[in-house]
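The values are calculated or read from the model by the stated rules, or taken from the named source; none is laboratory data. A quick note: this is a predicted structure, and the numbers were derived from the prediction, not measured. Every residue, glycine among them, receives a Cβ derived from its backbone with ideal geometry; neighbour counts consider all protein chains shown.
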Amino acid sequence: MSSNPQLRRQVINIYKELLYLGREYPLGFDYFRPRLHKAFISKAGERDEDKIRQGIAQAEYVKKEIEAL
């Protein structure tokens, strides 16, 4: 993760929002949470701020898709 505290806060917030939305996921929270965790852990070592911003944008897209379910 970048040393930019603002980006760190954004990543944590979108993770929390997705966890909250996952409670209503059609396949259940027990299906959703491990996959969400795995997706975020796979990017945990990212240092490039542009790539982190792209990841945040992708997470926002996923959030909108889940809200549409």
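Restricting the first member to segment 1-24 and to residues that are closer than 22 Å to Ala68 by Cα and of a type in the set (Ser, Thr, Tyr), and the second to residues that are modelled with pLDDT under 95 and surrounded by 12 or more Cβ atoms within 10 Å (Cβ to Cβ), no beta-carbon pair is closer than 7 Å while six or more apart or on different chains. The residue of segment 36-48 that is nearest to Lys63 (Cα to Cα), among those that are at pLDDT 95 or above and surrounded by 12 or more Cβ atoms within 10 Å (Cβ to Cβ), is Leu36. So how many residues does segment 33-53 have that are within 11 Å of the chain's Cα centre (by Cα), charged (D, E, K, R) and within 18 Å of Pro5 (Cβ to Cβ)? Count: 1.
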